[in-house]
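The values are calculated or read from the model by the stated rules, or taken from the named source; none is laboratory data. Nothing here was measured: the structure is a model prediction, and the numbers come from that model. Note: ideal-geometry Cβ built from the backbone for every residue, glycine included; neighbour counts use all protein chains shown. Side chains included, ligands, DNA and RNA excluded: accessible areas come from the protein's heavy atoms. Shrake-Rupley method; radii C 1.70, N 1.55, O 1.52, S 1.80 Å.
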Amino acid sequence: MAADDLSAPLGQDRRPKRRRALPVAIPQAAAGVLSLFVILVVGWAVIADDPFGGEPMAVVRTDLAASASPGGKPDQSSSRPDGQATDDRPNRYDGPSPGEATPPAAPTGRTVTVIDGTSGKRQEIVLPGPPDDTKSTGIDPRLTESSRHGPLPKIGPDGARVSEIYARPVKVVAGKPNGPRIAIVIGGLGIGAAATSDALGKLPGAVTLALAPYGGNLAQVAARARNDGHELLLQVPMEPFDYPDNDPGPQTLLTTLTGGQNVDRLQWLMSRMRGYVGITSYMGAKFTTSEQSLAPVLRETSKRGLIYVEDGSSPRSVASQVAGSHSLPFAKTDVVIDATPTAAEIERALARLEMLARDNGSAVGFANAQPGTIARIADWAKAVETRGFVLVPVTMVAIKPKSS
C-alpha cells in the first residue's frame, strides 16, 4: 500500500535515506597534497642546511706547492747537474735572458661563479688548468706551437732544434775526456708507477728515459725526470707483425693508413708531453719495415727538430736509410740489454755493449723498465766510468745529417 504523505507528521520521513559516497578522486587528491607537503618540508630542511641554497657548486683541489718539483723538491731545472758538458751543443733553455721579454703566461684554467642561495652572495673561483711546465722544466716557448691536438715541438725561428736545446750536459771523466761513449735508453716508463719510480730513484741522469704517451701524470713524470738530469724520448706505438692481436695502444701508427693519417696520429702522440729530444718506436716491427709508411713519419719528426732512436725490435727496419734521406739525426740500438731477462744474460749484454763501444767509439743499449733490469743497470753504471767509459745521453751518440 502506498504511503500517505499528506497524513504523515511533518518532519518525519518513513523512507530511509541513503548516504551519498564521496567521489574516488577526492581521497587520491588528498593523498597527493599530503605527499607534496612532505616533499616541500624535506626539501626546505635540506636547503636550509646548504649554504649555497641548492645552487650548483664546484669543489677544487689547490696545489700550494706549485713551484716545487714532483716529490716536494725545489725546482732545479735552471742548474746543471754537474756544471759542464763534453761537447759544444747549445745550452738548454733556462728561461728568458736579461732584457728579453717574458712570454705571456699560459691560461691557468677557467672561472666559475658560485652563488650563495641564502645571502645571494656571488663568489668567483678559478678551476686549475693544465700544468704550466714552461717554468718548472725549462720549456722554451719559442720551440712550441699550438695544434688541434695540443702543443707540438717545432724548430725555432733562429733554427734552434729541440734535440739541441733540451739535450742534457754530462760529466767529464777525469783524465779521459774522450773515452768510449755508451748511451742506454730505458723504455716503457710513465705508465706503471712502481717501475717509473724505481727508474727515477736508481738510475743516473745520463741514462735516457723513454716515456709511453698514455700516462695520466705524464707532465709531472717528465718534469721530475728532466730535473734529475735525464734526457727524454717519446715512445710512439707502431704496428707489430701480429697486430691487432698484439695492440700497442690508441693512435698506433699502421701500415694500412695513409701518410697523412699516420702524421695526424703522430701529432696527437707528440702533444702528450713536452721537453723530449726525440722519438723511438714502441713495438713497430712491421711498421718500421715499410718505407712507404715510415717515410712521412720520420719526415715529420725531422721537421720538428727531433731525433729518432731505433729500439732494436726489428733487424729488417729501414729507419736508418729513411732518416738519412730526410736529414734526421738518428741513433740505432746496438744491444737489446734484456732480450733474455735473466741476471746472467743482462750481464753478458752489458759486457757486449762495452766491447762495441771500445771498438767503435760509441754504442747504444736499450732495455725495458723491469725491476731486475733496472737494478742490474744501476749497479753496472756505478763502476762503468772506472773502466774508462763515458755514460752519455742518447743525443751525444746520434748520427747527425751531413747537411747540418
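Quick notes on this structure:
- Each of 145, 310 has its accessible area taken with a 1.4 Å probe; listed largest first, they run 145, 310.
- Sorting the segments 358-366, 277-285 by their residues' average number of neighbouring beta-carbon atoms within 10 angstrom, most packed first, yields 277-285, 358-366.
- Unsatisfied cross-links (Cα-Cα over 29 Å) in the set 202/286; 154/332; 286/400; 154/202: 202/286; 154/202
- Label point 7 Å beyond Cα of residue 379 along Cβ direction - residues of the stretch 346-361 with amide nitrogen under 20 Å: 346-355
- Cα gyration tensor category, rounded, prolate or oblate, for the stretch 237-334 with a/c compared to 1.5: rounded
- The simple Förster model, with R0 at 30 Å and r as the Cβ-Cβ distance, assigns residue 148 and residue 217 a FRET efficiency of 0.80.
- Over the stretch 151-307, the fraction of Cα-Cα pairs per 10 Å bin, rounded to whole percents and listed from the shortest bin up, is 10, 37, 34, 15, 3, 0.
- Förster radius 41 Å - calculated FRET efficiency between residue 358 and residue 158 (Cβ-Cβ, nearest 0.05): 0.60
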